[in-house]
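Since every read-out is calculated from the coordinates, none of them should be taken as a lab result. Model, not experiment: these values are computed from the prediction. Note that each Cβ is placed from the backbone with ideal geometry, even for glycine, and that neighbours are counted across all protein chains shown.
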Ligand code: 4GX
């Protein structure tokens, strides 16, 4: 899978969470081809400006449609497929497990990171396929949301998690939270591990884990069960 990122801060993607662990290995193995591009390279005026004041007045600056469109055309021209163009914004549909899986079916994604007060709406209307939010809170730019999306999607590339693990076996695949986990020592500071886990009784342990998952989900995320909180 190829993922292109359009950003004013390409350095935010260097030596960060996409350069360690599972995602680092997926990139080294050629499963994920991540290409980061600086939107400012496509500014044309003397000051290389990428933003301007909003028509109609208001706070802050808006990213220019002409600069963004040139950057996108340039990047789309680098590969056979135009890719699915995703704009990260709090106005988008909220990212969840099913959207992650859907995005992961694309051979190419192009992620656009906005700064300031956002991008000119004409860019969204004419160039963007999906507007996606990572949740109902505001971060400073689209870079962290893009990294969250890339990490979550890359885990679904066949082979990315290694042979042992499958994303199907993890939380949310069946709509439940995970059961609690414990390791040695069996007792620490008088804090004991639930006895059932030390019993060696495989069937009872599996039953306990499933009960824990249901109980936690009911307690913490009743919305996942279709219940009101
Ligand atoms: N999930 N942000 C985008 C720029 C912006 C401002 C106004 C549209 C309108 C975010 C999120 C997020 C901050 C990224 C504002 N875009 N992105 N940026 N939550 O908070 O994706």
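Annotations for the structure displayed:
- Between residue 45 and residue 79, the distance separating the two model label sites (each 7 Å from Cα on the Cα→Cβ line) works out to 3.2 nm.
- Residue 29-residue 172 FRET efficiency (beta carbon distance; Förster radius 22 Å; 0.05 resolution): 0.30
- If the Kirkwood radius is taken over C-alpha pairs of the stretch 179-229, then at 20 °C and 1.002 mPa s the Stokes-Einstein diffusion coefficient equals 171 µm²/s.
- Prolate/oblate/rounded call for the stretch 73-121, Cα gyration tensor, a/c under 1.5 rounded: oblate
- Each of the peptides 198-208, 16-26, 42-52 was scored by the mean count of other Cβ atoms within 10 Å over its residues; in descending order, highest first, they stand as 16-26, 42-52, 198-208.
- Rounded if a/c under 1.5, otherwise prolate or oblate - the stretch 116-157, Cα gyration tensor axes: oblate
- Volume of the convex hull of the chain (Cα atoms only), normalised per residue: 188 Å³.
- Counted over the chain, the DSSP beta bridges are approximately 15% antiparallel.
- Between helix 65-76 and the chain: long-axis angle, C-alpha atoms, 0 to 90°, nearest 10: 60
- Gain on full extension, evaluated as 0.36 nm per residue between residue 210 and residue 19 minus their Cα-Cα distance, stands at 65.3 nm.
- Centre separation in Å (Cα based) which lies between the stretch 4-69 and the stretch 166-217: 41
- For residue 52 and residue 151, the difference between the fully extended length at 0.36 nm per residue and the C-alpha to C-alpha distance is 32.4 nm.
- Cα-only radius of gyration and Dmax that characterise the stretch 46-178, units Å: 16.9, 56
- Cα-based equivalent ellipsoid of the stretch 112-207: semi-axis lengths in Å, sorted from largest, via gyration tensor: 43, 18, 12
- Available extension along the chain between residue 59 and residue 131 is 23.7 nm, counting 0.36 nm per residue and deducting the alpha carbon span.
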